1. Pull up region 177-225, narrow it to residues that are open to solvent by less than 20 Å² (accessible area, probe 1.4 Å) and among the β-branched types (Val, Ile, Thr), then point me to the one that is nearest to the chain's Cα centre (by Cα).
2. Hey, LEU93 hits all of (1) of a type outside the set (S, T, N, Q); (2) open to solvent by less than 50 Å² (accessible area, probe 1.4 Å); (3) within 27 Å of VAL193 (Cβ to Cβ) but one; which does it fall short on?
3. Would you check which residues across region 71-82 are open to solvent by 40 Å² or more (accessible area, probe 1.4 Å), within 33 Å of the chain's Cα centre (by Cα) and within 13 Å of ALA96 (Cα to Cα) and list them?
4. For region 103-115, give me each residue that is over 11 Å from SER76 (Cα atoms), open to solvent by less than 80 Å² (accessible area, probe 1.4 Å) and either of a type outside the set (Gly, Ala, Ser) or in contact with a Gly (Cβ under 9 Å, 6 or more places away or on another chain) (or both).
5. Would you check which residues across region 126-168 are assigned to a helix (DSSP H, G or I) and open to solvent by 80 Å² or more (accessible area, probe 1.4 Å) and list them?
Amino acid sequence: MSAPQPLQIREANAHLAAVHRRAAELEARLDAAERTVRAQAERLARHDQQLRAALDELGRAKDWFFRRLDRDRSRSLDSRELQRGLAELGLVLDTAEAEGVCRRWDRDGSGTLDLEEFLRALRPPMSQAREAVIAAAFAKLDRSGDGVVTVDDLRGVYSGRTHPKVQSGEWTEEEVLRRFLDNFDSSEKDGQVTLAEFQDYYSGVSASMDTDEEFVAMMTSAWQL
């Protein structure tokens, strides 16, 4: 077998140098991408902290206003208490109108408004864009497609194995999934989350976000839509 000619050696060396340059370029791009992802994750973490703080502040303000209107400390508002409260906000209603509003906001048929019903009534309506992305996130959770999300829908998709309380033996993985589901469940906590309950949860989040773009981006990132 004849020895490689000088031209062949130069071509091989040039090819090898080109491969090294390409590898260096790819490594630089990967480093840049990693820095970008890390920066985005840090921004999302900061945003999540700010969002939670804003929601807590909003909740405390509305809770304080509710307790101010609840003159008899019954933890619910009747139509007269509601009438006085709406008058403070500049909306003057007669007795019949106040009773009609109370019936409209009263979801459990008790004849009065509890704090949850009151807060829900004060939330601004959501745009179609926000409702659509909420529906998309719910559809992703509802693996069975029956319109209700249960622990069975979460099992195999979300894992609680790495949760600190699972690793310590305090909780089971099933309990982690159930507690995750309880975040979106109504006050009854029946282990089933409907689209309406899912929308109720995110309507509270939506109230603290000014633009549709910001809300849609948050939902898309959170649920990997």
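1. VAL205
2. The number of the failed condition is (3).
3. The answer is ASP78, and nothing else.
4. Result: TRP105, single match.
5. Of everything in region 126-168, those that are assigned to a helix (DSSP H, G or I) and open to solvent by 80 Å² or more (accessible area, probe 1.4 Å) turn out to be GLN128, GLU131, LYS140, ASP152, PRO164, GLN167.
The values are calculated or read from the model by the stated rules, or taken from the named source; none is laboratory data. Owing to the predicted nature of the structure, the values given are computational and were not obtained by experimental measurement. Every residue, glycine as well, gets a Cβ built from its backbone with ideal geometry; the counts of neighbours run over all protein chains shown. Accessible surface is based on the protein model in full, side chains and every heavy atom, while ligands, DNA and RNA are left aside. Shrake-Rupley method; radii C 1.70, N 1.55, O 1.52, S 1.80 Å.
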